[in-house]
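Taking it in order: structure first as structure tokens, then the write-up.
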Amino acid sequence: MIDSQDQATAAALGEIGVAATGTSVAVHQLGEHSPAEGKLLPGDVIVSVDGTGVSTQEQLRDAIARVRPGQPVAISYVRDSGAPAQTSITTVPAPGDAGRPAIGIITTEKRSYPFTVKIRIKDVGGPSAGLMFALGIVDLLGPEQLTGGRTIAGTGTIDASGTIGPIGGIQQKLLGARQAGAVAFLVPAANCADARESAPAGLRLVRVETLKGAISDLNALAGNPQADVLSC
């Protein structure tokens, strides 16, 4: 969910021309039996490894790779926007690659912008709201309302480039959307076959593959509910 929001923010702001001012690497979660247990927590921002600054996931991997499995690395990190702290973690062989050292964490790459984007949600989990997060940001910050005042629903994962990916449980999402009054539903291309089989009456299925395409479709539908857009 955290990564989904970060990716959606990056895709949306990139679409409207807001450039990132920098990147940082944050701990997303600890692996099972992680050597970082008790030393790092989800949300910690990693600043350096053995004195080498890191601001991307690639830089983090490269810095850790300078030692052999079983050797320690000094990790400098920031927790809760506090002062930098340091801990030592003894590396272990990476899963599937015994010659590569690892510290047992899964990370996410966070981007900084000239302003802060906060997504407030309740009772939502997983990455499938990524597309709608991104559209919400574009709708809020862009020059026009994307929905034309109608109730539009949708689903789909999204990455920072704006590529939309498939999700699970499309049937239940379609029913819930129609019950909420939606008249159109944005469907990831890979989910179209399942969506066609269970779409309730009165809900138009709009096939989407990219954020740019979804925005174009919504703009067309806002001007004309019968507009010719790609359907499932």
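Scanning the range 83-124 for residues that are closer than 20 Å to residue 9 by Cα and not aliphatic (A, V, I, L, M) yields a total of 14. Taking every residue in the range 10-21 that is farther than 12 Å from residue 161 by Cβ and pairing it with any residue that is β-branched (Val, Ile, Thr) and not in a helix (DSSP H, G or I), at least 6 positions away or on another chain, the pairs with Cβ-Cβ distances below 8 Å are 13/117. Checked against (1) assigned to a strand (DSSP E or B); (2) out of contact with any strand residue (DSSP E or B) (no Cβ under 6 Å at 6 or more places or on another chain), residue 62 passes all but condition (1).
Scanning the range 111-126 for residues that are surrounded by fewer than 15 Cβ atoms within 10 Å (Cβ to Cβ) and in a loop (DSSP other than H, G, I, E, B) gives 113, 114, 115, 116, 118, 120, 121, 122, 123, 124, 125, 126.
Regarding the range 95-109, can at least one residue be identified that is of a type in the set (Val, Ile, Thr), at pLDDT below 90 and within 12 Å of the chain's Cα centre (by Cα)? Within the range 95-109 (the criterion being of a type in the set (Val, Ile, Thr), at pLDDT below 90 and within 12 Å of the chain's Cα centre (by Cα)), the answer is yes, since at least one residue qualifies. Exactly one residue out of 68, 100 is part of a strand (DSSP E or B), touching a residue at least 24 places away in the same chain (Cβ under 8 Å) and not hydrophobic (A, V, I, L, M, F, W, C), and it is 100. The residues in the range 52-65 that are surrounded by 15 or more Cβ atoms within 10 Å (Cβ to Cβ), free of Cβ contacts under 8 Å to residues at least 24 places away in the same chain and closer than 15 Å to residue 106 by Cα can be counted, and the count is 1.
When the range 211-232 is filtered for residues that are more than 17 Å from residue 150 (Cα to Cα), crowded, with 18+ Cβ neighbours inside 10 Å and of a type outside the set (A, V, I, L, M, F, W, C), only 213 remains.
Taking the range 82-97 on its own, how many of its residues are part of a loop (DSSP other than H, G, I, E, B) and either out of contact with any strand residue (DSSP E or B) (no Cβ under 9 Å at 6 or more places or on another chain) or more than 16 Å from residue 27 (Cβ to Cβ) (or both)? Result for the range 82-97: 4.
The values are calculated or read from the model by the stated rules, or taken from the named source; none is laboratory data. All of these numbers come straight from a predicted model, not from anything done at the bench. No Cβ is skipped: glycine too gets one built from the backbone with ideal geometry, and neighbour counts run over all protein chains shown.
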